[in-house]
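Worksheet for the structure shown next.
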Amino acid sequence: MGKKHFVGKAGNMHYFERRTRDTGWKRRAHGMAICTSCGEWTEPPVLDRDDGGLIVVCPHCQYREPFTQYPLWWIAGSPGAGKTTLIPLLRRYLPGYIVFEGEAIDFWRFEGEPGDYSSLHNQWLKVAYEIALNGPPVVFIATAFPDQLDACTMRSRFSSIAYLGLVCSEDAQRRRLLDRPAWRKSAAPEFIASSCGFTRRLEEVGRQDSSAVVLHDTTTSTPDASARLIAAWVRDQSAHNSRTRGA
Ligand SMILES: [Zn+2]
């Protein structure tokens, strides 16, 4: 039996997994990652296509089964860019969609080294996928760049990720962070610098390729006006996806 490693905390519960020398992480079973026929672990999935659509092929026994991908909407922004203010308004303007704030689970099963958030990004996509399986389209709100999501194993579960970046001027972002109550610890110079740095990088990515990241500037827009515009963008993308599927 290997040593137990802390993997997460929810309320008063602490969760551990056991690492053994021979088998590495002994993971809990997760639907799509296990072959229906031979029971082997099939992550990352090997995909193929036949007349009926997308197929996942087990690399161990070659068993083939249908593989459904879902569209996903991703709204990114660093602290002070306007995410938290927007979320309740987006829920109001997007009935029929699930609007989920990724930071609600930022502590959950995070296994990364300091500064390496790849396992967290993958975990966010896993949660988005589990929600998408229930039917309603998912709008996920969390701080990540498109290339970080593209590098995740769970990216394979999504046919597309429509990506919108919340940006604002450095002055506005700095002011919002300094205006927060002290308990949020948002006034530290390093925190402000890293939050503003994310916004500048997001702007750069969006300016280089607006098809990869649509930018929305919250500097002077009211939260209500931003929410209406972003909800309209989500619905436009949905209509586009429907047209593409119908084509
Ligand atoms: Zn198999």
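Among 140, 191, 158, the order by Cβ neighbours within 10 angstrom, fewest to most, reads 191, 158, 140.
Ordering 78, 160, 226 from the fewest to the most neighbouring beta carbons within 10 Å gives 160, 226, 78. Spatially, region 74-101 and region 191-245 are offset by 11 Å when compared through their Cα centroids.
Nothing charged except the Cβ atoms of Lys and Arg (+1) and of Asp and Glu (-1): what's the magnitude of the dipole of region 70-246 about its Cα centre? Round to the nearest 20 debye. Intermediate values should be presented prior to the final figure.
On the way: 20 positive and 19 negative charges, 114 e Å.
About 540 debye.
Fewest to most neighbouring Cβ within 10 Å: what's the order for 180, 49? Can you show the working numbers first?
Details: 180 13, 49 9.
Lowest to highest Cβ neighbour count: 49, 180.
Each value in this text was obtained by applying a stated rule to the coordinates, not by laboratory testing. In this text, all values refer to a predicted model and were calculated from it rather than measured experimentally. Note: ideal-geometry Cβ built from the backbone for every residue, glycine included; neighbour counts use all protein chains shown.
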